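S.K.: This is the structure, below, for whatever I ask next.
Where a number appears in this text, it was derived from the coordinates with a stated rule and is not lab data. Remember, it's a predicted structure, so these values are computed and weren't measured experimentally. With ideal geometry, Cβ positions are generated from the backbone for all residues, glycine too; neighbour counts draw on all protein chains shown.
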Amino acid sequence: MSIIGVLAGSTVLISISTNLQRGRDTKRKADLTAIQSALEIYRSDIGAYPAGTGTLSPTYMGTVPTDPKTKQAYAFTPAGTAYILCATLENPAGAYCVSNP
């Protein structure tokens, strides 16, 4: 009976962990969408993308969001009239990137 209890408890913990990961991934995707919108407004005003996302605050967005787990800035690579903005997802693991339309 105690083995079943331990296994059931482990399953619950894994489920909670998975749900937390998915929640953070959803937040990451929403953050990238918000940053992407600010980047497009910036480009419309200035004529080019910024060298870094920190330039967006406070004029184009209050605070530039960071990864909900690591608190690090999202990866941003400007390339003239283009950019790539990426987050590292947890579940499933891998990169999620957006770029200018």
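S.K.: Compute the angle between helix 2-46 and the longest alpha-carbon principal axis of the chain, please, reported from 0 to 90 degrees and rounded to the nearest 10.
M.R.: Here the helix axis deviates by roughly 10 degrees.
S.K.: Could you size up the charge dipole of region 2-99 around its Cα centre, putting +1 on the beta carbon of Lys and Arg and -1 on that of Asp and Glu, and report it in debye to the nearest 20?
M.R.: For region 2-99, the charge dipole is close to 200 debye.
S.K.: What net charge do the residues around residue 92 carry, taking every other residue with its C-beta under 15 Å from that of residue 92, with Lys and Arg at +1 and Asp and Glu at -1?
M.R.: Result for the neighbourhood of residue 92: +2.
S.K.: ³J(HN,Hα) across region 63-69 via Karplus (A = 6.51, B = -1.76, C = 1.60, θ = phi - 60°), whole Hz, x for Gly/Pro?
M.R.: 10, 6, x, 10, 4, x, 9
S.K.: Just 25, 67, 45 to compare: in a GNM of the chain, with alpha carbon springs under 10 Å, which one fluctuates most?
M.R.: The residue with the greatest mean-square fluctuation here is 45.
S.K.: Under a 5 Å amide H to amide H cut-off, with H placed in plane at 1.01 Å, what residues pair with residue 89 once short-range neighbours are removed?
M.R.: 94, 95, 96
S.K.: Next up: Work out the charge dipole of region 2-99 with +1 on the Cβ of Lys and Arg and -1 on the Cβ of Asp and Glu about the Cα centre, then indicate which of 15, 53, 92 is farthest towards its positive end.
M.R.: About the Cα centre, the residue reaching furthest to the positive side is 15.
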